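Notes for the one structure printed next.
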Amino acid sequence: MSSIPKTIVESSLLPPVPDAEPFATAIATAARQGLSYSDTANILSAIGHPFDISLLSLAQMEQLAAEIRRCLVSTVSRTGGHLAPSLGVVELTLAMLSVFNPGRDKIIWDVGHQAYAYKLLTGRADSFHSLRQLGGISGFPSRAESPFDHFGVGHSSTSVSAALGMAKARDLAGEDHHVVSVIGDGSLTGGLAYEGLNQAGATARRFIVILNDNAMSISKNVGALSLFMSRNLSSRWVRRIKREVEAFLTSIPGIGDDLMEIARRSKHSFKNFFTPGILFEALRFNYIGAVDGHNLEELQKTLRLAATLDRPVLIHVLTCKGKGYPPAEKNPVLFHGVGSFEPETGSQRPSVQGPVSYTEAFSQTICDLAERDSRVIAITAAMPEGTGLTDFARRFPDRFVDVGICEQHAVTYAAGLATQGYRPFVAVYSTFLQRSYDQIVHDVCLQKLPVTFCIDRAGLVGEDGATHQGAFDLAYLRHIPHMTLLAPKDEVELARGLATALAHDGPFALRYPRGLAFGSDLPEAPQPLPFGRAEPLMQGDSGLAVIALGSRALPALYAARQVAELGLGRATVLNARWVKPLPEQDLREIRAGHSRLLILEEASLAGGFSSAVLEFYSDAGLMDGLRIRRLGLPDCFVEHGPVKELRRRLGLDTDSIRDAIMEMLSQAG
């Protein structure tokens with residue numbers, strides 16, 4: 001039996017650890033019959049526990065790798081997800097699971113984009129079809145999902161620090177298991193990774209870091225570190241020179257072997273001179289690399305060697321993002337996070353024709369603004385495609401900056417530009433902007449600098465789940481002095497909001513959701529919005545007012561119209577637009593004629609827009625006789641699933657808003 005702890009074996013999420021005997025017997029029987037195991041059974045379906053992988057031969061593991069890739073392509077073609085990163089680490093995953101015991105040893109993935117093969121091999125093959133689906137398994141490692149997921153992730157550069165903490169806990173407890181951090185070269189651009197590496201080297205704690213180097217994060221990596229690594233390890237001439245010098249040294253009669261041994265041990269060896277080993281050795285890591293990340297035998301030997309070393313080790317593994325699936329190898333950016341596609345060809349399944357997305361509306365408008373104003377600079381943190389800045393980068397290369405996965409640096413970098421008269425626009429997902437809170441406070445707002453935060457994916461994002469839902473931006477931005485905060489109702493207001501930001505002399509943030517907008521034509525020359533004023537959408541006579549923010553404004557209008565058409569009463573509908581400053585004059589006018597309010601936002605109710613409205617009414621002494629209902633995101637981390645279904649469950653779709661209006665209209669008073 002395996003040495004995996006009984007508590008993990010008995011987890012309801014996983015099958016029990018099988019006896020090694022039946023699995024090995026099946027393989028031996030097939031061999032006696034002149035068959036490979038794959039001729040008699042599908043290896044992936046026969047894996048009852050990750051323990052089984054150590055029983056496979058190299059040939060069988062290679063067959064298993066092919067089966068895993070077929071499964072990944074088949075599943076992700078239906079569910080969407082992070083395909084290319086996971087295809088690139090199939091052999092690395094198999095090697096780790098054949099050398100380490102994931103029930104005892106701690107394997108920590110960074111970001112988790114590349115963890116699909118790991119999920120398949122750690123008890124989730126039967127449920128893998130539900131990947132990223134409502135009620136199904138997460139697209140990221142999750143401690144709540146499996147005891148083999150030792151740390152929950154979804155944002156980058158965290159694995160080294162988390163794993164080092166686990167190594168410290170291991171040593172305090174007097175235990176001897178291994179702790180392994182798997183981090184990509186893209187994540188290694190983040191400062192948090194170096195904070196962890198710095199401490200790890202200083203403490204000299206037994207600890208393994210595997211650097212998965214595919215020269216990509218989501219898009220192609222940027223920055224000096226990426227250039228250093230790719231220049232020194234991917235160039236054929238480096239390896240050729242190294243081989244030729246080694247051959248020369250060993251050929252010297254009598255002393256060649258001794259010279260070669262001296263060269264291997266020297267701090268100025270070829271490993272240090274030609275590779276990033278000099279960087280990691282300076283951080284007091286034992287550097288091993290570069291290792292072919294698709295050579296199972298080489299990977300196993302390297303991991304076994306690392307497991308014998310009693311100090312921090314960094315293994316540099318070279319992989320191909322999208323490996324084994326030609327469409328993903330050819331276009332790893334597209335297949336990094338892909339929607340449904342035809343698995344045979346890799347072609348995207350046609351989507352229903354409709355309006356532009358909010359991201360596309362942002363892209364068009366920011367380019368138009370830059371055309372007219374040379375002060376406009378666009379900044380992204382490794383996501384030019386996701387944030388809609390690829391066209392800007394093509395048209396204005398000198399005014400486009402990709403800083404890598406460094407949100408904190410992006411904000412302070414923008415602040416520096418703003419001090420010199422430029423107008424930087426930082427395009428970032430809501431969930432990632434959280435990482436730069438301190439810089440927003442001290443480097444931008446404290447100095448009243450005109451930096452604009454273009455917050456994409458605000459609100460519900462769907463299948464990426466809790467780590468990516470944009471729930472908290474209103475709550476963590478609206479209380480910062482000097483911040484101006486806008487939530488446009490549609491693509492036209494988004495365009496006008498960007499023009500407003502450009503005209504505003506101070507910090508500015510505007511949030512907009514993922515997905516398609518409402519189909520309105522974008523203005524050719526957007527004009528700034530009335531500062532701090534809301535927009536009346538419908539005048540009612542029932543004593544009920546619906547105050548809606550951002551993407552919930554038009555659904556609120558549609559819902560109120562449906563109720564009016566049913567003859568159940570006519571509600572007033574107000575598009576609030578502004579979170580800071582609040583549209584106080586409009587809110588006073590609403591209060592004067594209404595005793596019931598329904599407040600809507602696709603953001604956290606705790607500290608969000610509706611909280612701001614309640615604070616205003618309370619401070620202004622306008623709460624007496626006022627009945628209020630709030631709809632928004634509850635005080636929990638919202639699970640993964642289709643946005644449409646999540647909105648229905650949370651009461652934020654048009655039908656739910658209609659029902660809430662009818663319920664409030666039916667109440668007396």
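A short reminder: the numbers here are calculations on the coordinates, not readings from a lab. Remember, predicted model here, so these are calculated numbers, not experimental data. Cβ atoms come from the backbone with ideal geometry, glycine included; neighbour counts cover every protein chain shown.
Things to note:
- Separation of the alpha carbons by more than 27 angstrom is noted, of Lys106/Lys321; Lys301/Lys330; Lys168/Lys323; Lys301/Lys321, for Lys301/Lys330; Lys168/Lys323.
- The 3J(HN,Hα) values that the Karplus relation (6.51, -1.76, 1.60; θ = phi - 60°) gives for segment 309-317 are, in residue order, 8, 9, 7, x, 10, 10, 9, 9, 10 Hz. Gly and Pro appear as x.
- Per-residue Karplus couplings for segment 187-199, computed as 6.51 cos²θ - 1.76 cosθ + 1.60 with θ equal to phi - 60°, are listed in order as 5, 6, 7, x, x, 4, 4, 6, 5, x, 4, 4, 5 Hz, Gly and Pro entered as x.
- Three-way shape label, segment 523-658, alpha-carbon gyration tensor, a/c 1.5: rounded
- Residues whose amide H lies under 5 Å from that of Leu633, counting only those 5 or more places away or on a different chain, are Ala603, Ser604, Leu605; hydrogens are built 1.01 Å from N in the peptide plane.
- Here the Karplus curve 6.51 cos²θ - 1.76 cosθ + 1.60, taken at θ = phi - 60°, turns the phi angles of segment 122-127 into couplings of 10, x, 10, 5, 5, 9 Hz, with x standing for Gly and Pro.
- Cα gyration tensor category, rounded, prolate or oblate, for segment 101-227 with a/c compared to 1.5: oblate
- Relative packing of peptides 599-605, 131-137, 394-400 - highest average C-beta neighbours within 10 Å first: 599-605, 131-137, 394-400
- Cα centroid of segment 459-503 to Cα centroid of segment 524-591, whole Å: 18
- Among the trypsin sites (Lys or Arg not before Pro) within segment 433-504, those in coil by DSSP and having at most 14 neighbouring Cβ atoms inside 10 Å are Lys448.
- Anisotropy class of segment 65-110 from Cα gyration tensor, a/c 1.5 cut: prolate
- For Leu537, distant residues with modelled amide H under 5 Å away: Val573, Leu574, Asn575
- Under 12 Å from the Cα of Lys119 - aspartates and glutamates, other chains or at least 8 residues apart: Glu145, Asp149
- Taking amide H atoms as placed 1.01 Å from N in the peptide plane, the amide H of Gly465 lies under 5 Å from those of Gly641, each 5 or more residues away in sequence or on another chain.
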